[in-house]
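Student: Structure provided below as structure tokens; questions to follow.
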Amino acid sequence: MLYATPFLAVALTAAAGTIVFGLMGYDGPRAVRDIFVAPLAHPDRWPELLVKAGPLALIATGLSVGFRANVWNIGAEGQYIAGAIAGTGVALATWGLSGAWILPAMCLAGMLGGMAWAAVPAFLRTRFGVSEILTSLMLTYVAVQLLFLLVRGPWKDPEGFNFPQTRMFTPDQTLPAISEGSLIHLGIPIALLVACIAWLLLARTVAGYEVKVVGLAPAAARHGGFSERRTIWLTLLGAGGLAGLAGIFEAAGPFGQLTPQFPGGYGYTAIIVAFLGRLHPVGIILAALVLAVTHVGGELAQTGVGLPQAATGMFQAMLLFFLLATDVLIRFRPVLARPARARAAA
Amino acid sequence: MSTALLVSFAMTVAMASTPILLASLGELVAEKAGVLNLGVEGMMLIGAVTGFAAAALTGSAYLGLLAAMLGGLLTSLIFAALTLGLSANQVATGLALTIFGVGASALIGAPFVGRTIERLGPLLPQALAGHPVLRVLFGYDLLVYLALGLTAVVAWWLRYTRPGLVLRAVGESDTSAHAIGYPVLAVRTGAVAFGGVLAGLAGAYFSLELTPMWADRLTAGRGWIALALVVFASWRPARLLAGAYLFGAVMTFELHAKAAGFALLPPEILAMLPYLATILVLTLISVRPGRVSTAAPACLGKAFSPA
């Protein structure tokens, strides 16, 4: 059941989507087909799927470790933006220089930026007991404004006709494509690799064990001498670092600069990815692909049946609703009525 | 400062505070019953869009308010069905509700972007509010008074009535309340629904009065500030009122500073202020150890399944 319910949730979402979009006056079946199936049916769209799935998997991997420990960092979007800002800072400071060291320096700065942003909720939670849920989210709004401030002010491209955006990064500051002319940049394989490493750390190290115990049985963890404080710092800094890395990958990859359009909601979507992937790295990679499909599919449905862009967000939230709803099947064994109805609906 | 400017400042504070007060009052009741609904922002957005759509279609802002209450109610019932019916994780479900609200409201609102409506407007006849000083007292729309009145009613109801006591019991110890025979899940569903109705109204206040129009993400994170305010108020309605008006003042300051072309701080910094202030305030009230943790309802956020 643990691994069956995500598939059930996807099926239920497709069914409910057909009905809801139909009721709203769109071509329901076609809309759902566009969102869920069409991106997979077009091989020329596959690289785009990977480009979208990479940052989602990276951020969700970090979040999932925290969620396992009951650390509710919901401000990954802010950490993602902070990472992009810090990395871009290095890029602008090294403008005109060249060398292979620049890109790694940017990535390091990105990670540190994300970690710094996540360190605030970690500090406030461990020092004063302030809920990390609210502080991490508030900081997202602050990060967005900071981005606006920078691209409209000190970081505005002096040759950019007064548009609010930074200079384009130089080739030395841009993630290379994995092959000539490909959409897929080096950040994507790195993101997948990092997800696998995170799984190893969680499954095979004492720190990983600690995180799991603190989440599952806080009392036992305290009795065993595991530090809740350390777990909070570890999970928040880890998640912040990965979100920051995803941010600078996105800035130095598809964007190639910072613009006010940079915050695209990956940090929020990654929360859905983490849950759909069962907080497990392999599941998260699959879930990131599913969410990437709905993202690309949402664009197809926009041109195909005129569904507004926002429908994608609603669709993705429905996915999480159905996942949380079907989770009841894991904790309870239903007798007769409920599973029969659930199957009929799917 | 001239009288006119003072009056305008005071009135803007009251109006900026009203949606936060409404939303946080609803959330306070839900949390007092032991349910942490992080979907306030989503319910507010649904309320804002259904209210605006109904007002645009019928031409009546008051019918818009009704629609907003209904929209908020239905959205909160999704949350109740998942967390109370199927005992899903409350934090995750609340987040999903907000993501859902952002998407669904933009989808419903798409045909209404750019349309204008008749705003709610002052409740009392012009004669009462002719003088600027009287206007500070009598010049508001229905919701400003409703929010203040409801705060008093909720404070009294929670403290002095039997159903209020039952609600608090359910939030403090679900198993004991269940053992005595109180319907824990029914009480919680009612509390969540009340929160949904108020969040719907709070959202509609943006689209029907403050900025009478529809735009995506119209409520701009105020739902999260409402959530923080409940913690700030240590789950006490009177403090909620003070906190909401304090935040209203901070936001009005931002607005006036922007309008006056306040040169010292860039507008982006001013826009950060409410969020930074929230973090600061949450920290300050937590400095004395044990304060927040003892004030919070003991069963907040925990699933309960009667068996």
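Student: Hey, any hits in the stretch A:163-186 for a residue that's surrounded by 14 or more Cβ atoms within 10 Å (Cβ to Cβ), within 14 Å of another protein chain (Cβ to nearest Cβ) and at negative phi?
Tutor: So far as the stretch A:163-186 goes, yes, one or more of its residues are surrounded by 14 or more Cβ atoms within 10 Å (Cβ to Cβ), within 14 Å of another protein chain (Cβ to nearest Cβ) and at negative phi.
Student: While we're here: Hey, any hits in the stretch B:226-240 for a residue that's outside any helix (DSSP H, G or I), surrounded by fewer than 19 Cβ atoms within 10 Å (Cβ to Cβ), more than 9 Å from chain A (Cβ to nearest Cβ) and out of contact with any strand residue (DSSP E or B) (no Cβ under 9 Å at 6 or more places or on another chain)?
Tutor: yes
Student: From the list B:THR189, B:THR161, B:THR151, exactly one residue is β-branched (Val, Ile, Thr) and free of Cβ contacts under 8 Å to residues at least 40 places away in the same chain. Which is it?
Tutor: Criteria check complete, one pass: B:THR161.
Student: Let me ask something additional. Tell me the residue from A:GLN302, A:GLN257, A:GLN261 that is in contact with a Ser or Thr (Cβ under 6 Å, 6 or more places away or on another chain), farther than 20 Å from A:ALA69 by Cβ and polar (S, T, N, Q), please.
Tutor: A:GLN257
Student: Which count do you get for residues in the stretch B:53-93 that are more than 12 Å from chain A (Cβ to nearest Cβ), of a type outside the set (A, V, I, L, M) and over 20 Å from A:VAL20 (Cα atoms)?
Tutor: 5
Student: From B:ALA110, B:ALA48, B:ALA96, which residue is at pLDDT 90 or above and either touching a strand residue (DSSP E or B) at 6+ places or on another chain (Cβ under 7 Å) or within 8 Å of chain A (Cβ to nearest Cβ) (or both)?
Tutor: Within the list B:ALA110, B:ALA48, B:ALA96, the selection yields B:ALA96.
Student: In the stretch A:1-39, which residues are in a helix (DSSP H, G or I), hydroxyl-bearing (Ser, Thr, Tyr) and more than 13 Å from chain B (Cβ to nearest Cβ)?
Tutor: Across the stretch A:1-39, the qualifying residue is only A:THR18.
Student: Given (1) within 12 Å of chain A (Cβ to nearest Cβ); (2) modelled with pLDDT of 85 or more, where does B:LEU270 come up short, assuming only one miss?
Tutor: (2)
Conditions (1) at pLDDT below 95; (2) buried (at least 24 other Cβ atoms within 10 Å of the Cβ), marked per residue:
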residue: A:LEU108; (1), (2): no, no
residue: A:GLY113; (1), (2): no, yes
residue: A:ARG127; (1), (2): yes, no
residue: A:LEU146; (1), (2): no, no
residue: A:PRO154; (1), (2): yes, no
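Student: So A:GLY28 ticks every box in (1) at positive phi; (2) buried (at least 17 other Cβ atoms within 10 Å of the Cβ) but one. Which box is left unticked?
Tutor: For A:GLY28, the exception is condition (1).
Student: Taking the options A:VAL293, A:VAL328, name whichever one is more than 10 Å from chain B (Cβ to nearest Cβ) and either in contact with a Gly (Cβ under 6 Å, 6 or more places away or on another chain) or not hydroxyl-bearing (Ser, Thr, Tyr) (or both).
Tutor: Being more than 10 Å from chain B (Cβ to nearest Cβ) and either in contact with a Gly (Cβ under 6 Å, 6 or more places away or on another chain) or not hydroxyl-bearing (Ser, Thr, Tyr) (or both) holds for just one of A:VAL293, A:VAL328, which is A:VAL293.
Student: Does B:ALA53 fit the bill of being buried (at least 24 other Cβ atoms within 10 Å of the Cβ) and at pLDDT 95 or above?
Tutor: no
Student: Contact list please: Cβ distance under 9 Å, first residue in the stretch A:226-237 and touching a residue at least 40 places away in the same chain (Cβ under 8 Å), second residue of a type in the set (Phe, Trp, Tyr), pairs at least six apart or on different chains.
Tutor: A:TRP233/A:PHE123; A:THR235/A:PHE67
Student: Let me ask something else. Scan (1) in contact (Cβ under 8 Å) with a residue 60 or more places away in the chain; (2) in contact with an Asp or Glu (Cβ under 6 Å, 6 or more places away or on another chain) for the single condition A:ALA100 breaks and write down its number.
Tutor: (2)
Student: Looking at the structure I just gave you, is B:LEU264 away from every other protein chain (no Cβ under 11 Å) and more than 22 Å from B:GLY72 (Cα to Cα)?
Tutor: Answer is yes for this residue.
Per-residue answers, yes or no, for (1) closer than 16 Å to B:ALA80 by Cα; (2) part of a helix (DSSP H, G or I); (3) of a type in the set (Lys, Arg); (4) modelled with pLDDT of 95 or more:
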| site | (1), (2), (3), (4) |
| --- | --- |
| B:THR12 | no, yes, no, no |
| B:MET15 | no, yes, no, no |
| B:LEU25 | no, yes, no, yes |
| B:LEU28 | yes, yes, no, yes |
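Student: Now for a different question. Please verify whether A:ALA91 is of a type in the set (A, V, I, L, M), surrounded by fewer than 20 Cβ atoms within 10 Å (Cβ to Cβ) and away from chain B (no Cβ under 14 Å), treating the condition exactly as stated.
Tutor: no
Student: State all residues of the stretch A:1-33 that are in contact with a Gly (Cβ under 6 Å, 6 or more places away or on another chain) and at pLDDT 85 or above; if no residue qualifies, say none.
Tutor: A:THR18, A:PHE21, A:GLY22, A:VAL32
Student: When only residues in the stretch A:106-133 that are in a helix (DSSP H, G or I) and of a type in the set (Gly, Ala, Ser) count, which is farthest from B:VAL230 (Cα to Cα)?
Tutor: The residue in question is A:ALA109.
Student: Checking B:SER87 against (1) assigned to a helix (DSSP H, G or I); (2) touching a helix residue (DSSP H, G or I) at 6+ places or on another chain (Cβ under 8 Å), which test does it fail?
Tutor: (1)
Student: Now for a different question. Being modelled with pLDDT under 90, crowded, with 24+ Cβ neighbours inside 10 Å and not in a helix (DSSP H, G or I) narrows it down to one of A:LEU258, A:LEU279, A:LEU307, so name that one.
Tutor: Within the list A:LEU258, A:LEU279, A:LEU307, the selection yields A:LEU307.
The values are calculated or read from the model by the stated rules, or taken from the named source; none is laboratory data. Owing to the predicted nature of the structure, the values given are computational and were not obtained by experimental measurement. Glycine gets a Cβ as well: all are built from the backbone with ideal geometry, and neighbour counts include every protein chain shown.
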